[in-house]
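Down below is the structure, laid out as structure tokens.
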Amino acid sequence: MPRETLSCMCESFTNSRDVHVTPLSQMNKDITKKHSTPESKVCGNCSTTEGSASAPKLSACSRCGLVAYCSKACQKAHWKNGHKQHCIAKADRSPQHQNSLDNNRRETSSADGKCSICLDALTDASTTTLSCAHVFHGACVAELHKFGVQQVCPLCRTPLNPGPEKRFEEAIRSVMSVRRVVERRMASWSTLPASAQYEMDKALTNCRAAADEGYLPAQCMLGCIFKDGHGVSQNYVEALRWFKKAADQGLAHAQYSMGIMYDKGYGVLQSDVKAVQWYKKAADQGLAPAQFCLGLEVQDGRGTAQSYEEAARWYKKAAEQGSKEAQLNLGHLFANGQGVILSYVEAVRCFKKAADQGLAQAQLKMGSMCEQGRGVAQSYSEAARWFKMAAEQGNAVAQCFLGAIIDYGRGVPQSDNEAAHWYTKAAAQGQAMAQYRLGEYHLLGRGSVTQSEVEAARWYRKAADQSQAMAQYCVGMTYEDGLGVKQSDAEAARWYKKAACQGHAEAAKKLALLRTT
């Protein structure tokens with residue numbers, strides 16, 4: 001089963017509308033200018049140069065004085081397209097002058113390695129640095145934000161930045177707006193348009209600021225951004241650094257992500273032992289994905305002692321929280337009696353929970369259980385219904401099974417055309433049995449499939465190369481009779497032998513006859 005990293009931290013926030021905004025680097029450059037009037041006489045909206053026929057004179061923005069416009073219409077348009085967010089009054093941009101006492105405090109702050117608020121020792125994992133460069137415990141600063149009494153640095157009285165929760169929320173909104181663009185296939189994470197890239201830059205800035213203040217979800221999200229390369233160059237080492245900061249402070253999602261990093265060897269030397277250690281930390285906190293991954297490690301005996309009983313215990317914990325992958329794997333254990341008492345009824349119960357959530361592999365298993373009458377009343381029509389659900393999601397085995405049920409008319413109307421349709425889909429994905437059946441359809445010209453000995457031989461060979469015994473026997477027949485291929489008794493004998501070694505009785509007889517002639 002695939003192991004997914006943390007990918008849902010943004011899901012509960014709504015998307016924000018994409019707008020054209022001034023690039024961040026240019027805006028920072030503008031804000032730091034010393035003069036209150038724009039140096040370049042160019043309209044901030046339409047780029048018309050001052051002195052041209054359409055714009056003999058430009059007027060500066062009355063608030064920030066950094067941008068000029070050729071008309072009120074351009075000023076309104078630029079305001080709506082993003083300037084409103086970054087238009088800072090001249091008074092608000094003026095530097096704050098600190099007295100000599102403040103400067104002395106700035107120089108001596110945290111020099112003894114203690115937080116000036118609680119006087120406890122500072123550690124790398126727990127510190128936060130304010131905009132004034134003073135260092136405190138992240139929790140201490142959070143308390144200041146929480147009570148709203150002292151919204152300034154306790155040492156130099158510099159106003160505090162917006163709280164980390166607010167910054168993180170803004171970062172989430174920015175990421176969600178970009179994700180919407182990517183999900184609509186208007187761009188990819190590696191090639192974002194300018195407006196989307198600006199949003200990701202803004203998200204990264206806010207997220208990093210919140211992370212620097214010790215906000216654990218922001219630290220974990222930074223790890224995800226760098227791990228997946230969303231709007232930045234993929235950097236496993238940087239991702240690992242942020243994951244570990246949050247994981248060391250007990251954030252379950254970060255601990256789970258650390259497990260993924262060690263499990264896959266992303267930015268570190270691959271280690272099943274360390275992966276299990278981190279998975280267990282998160283699993284003990286009740287995180288379902290970590291419980292599922294821990295179950296996988298225990299079931300296979302990677303990084304820990306192999307135990308079906310222990311695997312079943314962790315799968316059950318995750319399954320009770322709705323993990324469809326855990327429900328599927330727990331169903332397999334019940335169906336095979338591994339670590340639990342064999343029970344087809346319990347297996348079906350687990351499979352159905354996962355199938356109802358749309359998991360194709362669970363829908364395939366439900367189809368098989370209905371077809372065989374294990375744990376549920378035998379029903380070809382129910383089997384076909386489940387097979388079709390999985391087949392429509394692209395599951396090749398389900399497509400082949402559905403083709404076979406329709407081919408023989410079991411519980412559904414028989415249809416060569418419909419059977420050929422599903423066989424073709426499964427065969428194109430490399431499913432051996434479907435390739436063999438498609439070869440038969442081409443040999444006989446059944447349904448909508450064109451009769452062709454050449455195509456029949458080609459599909460038989462594809463299945464035979466995957467050690468499908470019936471297909472190997474049929475390849476032998478094509479060479480013996482020269483159907484779609486050049487006649488060759490030697491080749492026929494070679495393929496008959498392959499099928500006979502797998503217990504195919506007719507192939508063994510054919511091989512014996514060829515050897516006696």
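The values are calculated or read from the model by the stated rules, or taken from the named source; none is laboratory data. These numbers were taken from a predicted model, which means no experiment stands behind them. Positions of Cβ are backbone-derived with ideal geometry, glycine not excepted, and every protein chain shown enters the neighbour counts.
Taking residue 327, is it within 22 Å of the chain's Cα centre (by Cα) and in a helix (DSSP H, G or I)? Yes, satisfied. Taking residues in segment 445-473 that are on the phi > 0 side of the Ramachandran plot, and partners anywhere that are of a type in the set (Gly, Ala, Ser) and surrounded by 15 or more Cβ atoms within 10 Å (Cβ to Cβ), the pairs with Cβ atoms closer than 6 Å and at least 6 places apart or on different chains are 447/420. Does residue 299 satisfy the condition of being buried (at least 20 other Cβ atoms within 10 Å of the Cβ) and more than 23 Å from residue 220 (Cα to Cα)? When the stated conditions are applied, residue 299 passes them. In the set (1) part of a helix (DSSP H, G or I); (2) assigned by TED's automatic domain parsing to the domain that holds residue 476; (3) surrounded by fewer than 18 Cβ atoms within 10 Å (Cβ to Cβ), residue 451 fails one condition alone, (1). How many residues are within 25 Å of residue 247 (Cβ to Cβ) and at pLDDT 70 or above when one looks only at segment 118-141? So the answer is 15. Residues that are of a type in the set (Gly, Ala, Ser) and either part of a loop (DSSP other than H, G, I, E, B) or modelled with pLDDT under 95 (or both) within segment 437-448 comprise 445, 447, 448, listed in sequence order.
For every residue, the table says whether it meets (1) on the phi < 0 side of the Ramachandran plot; (2) out of contact with any Phe, Trp or Tyr (no Cβ under 7 Å at 6 or more places or on another chain).
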position: 356; (1), (2): yes, yes
position: 362; (1), (2): yes, no
position: 366; (1), (2): yes, no
position: 385; (1), (2): yes, yes
position: 390; (1), (2): yes, yes
position: 394; (1), (2): no, yes
position: 410; (1), (2): yes, no
position: 415; (1), (2): yes, yes
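Under the condition of being in a helix (DSSP H, G or I) and among the acidic types (Asp, Glu), the residues counted in segment 246-261 number 0.
Rundown of residues vs (1) more than 16 Å from residue 304 (Cα to Cα); (2) out of contact with any helix residue (DSSP H, G or I) (no Cβ under 6 Å at 6 or more places or on another chain); (3) touching a residue at least 24 places away in the same chain (Cβ under 8 Å), yes/no style:
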| site | (1), (2), (3) |
| --- | --- |
| 272 | no, yes, yes |
| 275 | no, no, yes |
| 278 | no, no, yes |
| 285 | yes, no, yes |
| 288 | yes, no, yes |
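Summed over segment 498-517, the residues that are under 30 Å from residue 429 (Cβ atoms) and surrounded by 19 or more Cβ atoms within 10 Å (Cβ to Cβ) give a count of 5. Just name the residue that is modelled with the lowest pLDDT out of those in segment 46-66 that are under 15 Å from residue 76 (Cα atoms) and hydroxyl-bearing (Ser, Thr, Tyr). Out of the qualifying residues, it is 47.
Among residues of segment 308-359 being hydrophobic (A, V, I, L, M, F, W, C) and surrounded by fewer than 18 Cβ atoms within 10 Å (Cβ to Cβ), the one that is nearest to residue 398 (Cα to Cα) is 345.
Just give me the residues in segment 193-245 being touching a residue at least 40 places away in the same chain (Cβ under 8 Å), assigned to a helix (DSSP H, G or I) and hydroxyl-bearing (Ser, Thr, Tyr), in sequence order. Once the filter is applied, which keeps residues that are touching a residue at least 40 places away in the same chain (Cβ under 8 Å), assigned to a helix (DSSP H, G or I) and hydroxyl-bearing (Ser, Thr, Tyr), segment 193-245 yields 195, 198, 205. When you scan segment 312-324, do you find a residue that is in contact (Cβ under 8 Å) with a residue 40 or more places away in the chain, part of a helix (DSSP H, G or I) and of a type in the set (D, E, K, R), even just one? For segment 312-324, residues in contact (Cβ under 8 Å) with a residue 40 or more places away in the chain, part of a helix (DSSP H, G or I) and of a type in the set (D, E, K, R): absent.
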